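*Asks:* Before I ask anything, here is the structure I am working with.
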Amino acid sequence: MKTEKSNISLIIRLIAIAAVLLLFADYQKAPRIPPIGITKTALPTQVSPSLTALPVQPLAIALLGDHSYRDRPDDMPGQYQIHVLYVVTKDFDYTVRDLDGSINRQIELVNDWFSDQTNGSTLRFDTYEGSLDITLVILPVKESELFSYVLKNYEQYDANYHGFIFLHNALEDWLNITNQTTPFFSPGKLYLTYFESSMSYVCGDGPTAKSRIIGVYPGAHNLRDKNECAAFLGKDHHDLPGVWEHILAHEIIHALGFPSACAKNLDVDHVHIFDPFAQNDIMGTNPGIYDPHPVLDPNHDDYYMTNNPACPDLADSPFLNPMPANSNLPANVLSEPGWRLP
């Protein structure tokens, strides 16, 4: 019976995906490949979502165990940290991921792995009263409206996936407009954003230029790799083959500015590592995060503990606990005015 229900659910989901793709097909132009390295700065300035009626969110500090619509007071004020957003469209009616402990457990797994790799250092996540602080953001659009926005504004740059390569950009457009009415952005923070979407280009992506959003899509169908992002969810990075915490760590390291342009084994895409002598590098392309036991810069010659003063080093990131003695933030991280700490 369970198998039958599962099959019916899968069929319904595939029909829904096919319907959206058929809608997109009406708009498809001649096949073309988007320029390598295109970022939000290269997109037209008129891309701007319109502000519609937004839900009025509570202003009081939410208790732990309740939905929080704003950034709670920090346990570590005045320090660089990663804040978690849980983002849904207004028609998504199963908002439990911020309360069910799954995100908390995944962050624990990320820091377990990171601590193993660094002999005790961890990534600094925003906490309130000792618990991970997660902000629930309800976008003022339905998923179908968001997908239409992606198609209208970004399909011209991505005919192969109907603009979905730029889902991250569209998400950030709407986060910025929502923040104007219900502020949740603060200086000194990167934002690990769990977005409930039925489709995405990949399961996770790091910030583009002039961005502070790390996008992850745990419930999405991955259009590029033709699989389900939920399939990567595992229980423990020491036991099961799930790689979700590796995806998170990979994208967070990108957001922290690594690998940089001066990395010794920088791949041709200029954002990953290609080291034939260390293919288990978590920032590598093959197998990278899909290695059963990915390693942080195995040969210490690209981005971590390189002993190269001419190249930024992850070991000096001010997002680490404990704070490095000579902390330094790469120039391309939180580069917009007002985004850094005083």
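None of the figures in this text is laboratory data; all of them are computed from the coordinates on show. The structure displayed is predicted, hence computed values, not measured ones. Positions of Cβ are backbone-derived with ideal geometry, glycine not excepted, and every protein chain shown enters the neighbour counts.
This table checks each residue for (1) assigned to a helix (DSSP H, G or I); (2) within 12 Å of the chain's Cα centre (by Cα); (3) basic (Lys, Arg).
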site	(1), (2), (3)
Thr178	yes, no, no
Phe184	no, no, no
Ile214	no, yes, no
Ala230	yes, no, no
Ala249	yes, yes, no
Ala263	no, no, no
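*Asks:* Considering each residue of segment 292-327, count those that are closer than 17 Å to His246 by Cα and either charged (D, E, K, R) or loosely packed, with under 15 Cβ neighbours inside 10 Å (or both), and give that number.
*Replies:* 3
*Asks:* Would you check which residues across segment 127-148 are surrounded by fewer than 19 Cβ atoms within 10 Å (Cβ to Cβ) and either β-branched (Val, Ile, Thr) or part of a helix (DSSP H, G or I) (or both) and list them?
*Replies:* Thr127, Glu143, Ser144, Glu145, Ser148 - these are the residues of segment 127-148 that are surrounded by fewer than 19 Cβ atoms within 10 Å (Cβ to Cβ) and either β-branched (Val, Ile, Thr) or part of a helix (DSSP H, G or I) (or both).
*Asks:* Let me ask you something else. For segment 78-114, which residues satisfy the criterion of being surrounded by fewer than 16 Cβ atoms within 10 Å (Cβ to Cβ) and either more than 16 Å from Leu132 (Cβ to Cβ) or of a type in the set (A, V, I, L, M) (or both)?
*Replies:* Correct list: Gly78, Asp91, Asp93, Tyr94, Thr95, Val96.
*Asks:* Here is a further query. Got a number for residues in segment 283-330 being hydrophobic (A, V, I, L, M, F, W, C), free of Cβ contacts under 8 Å to residues at least 40 places away in the same chain and closer than 16 Å to Pro259 by Cβ?
*Replies:* Number of matching residues: 2.
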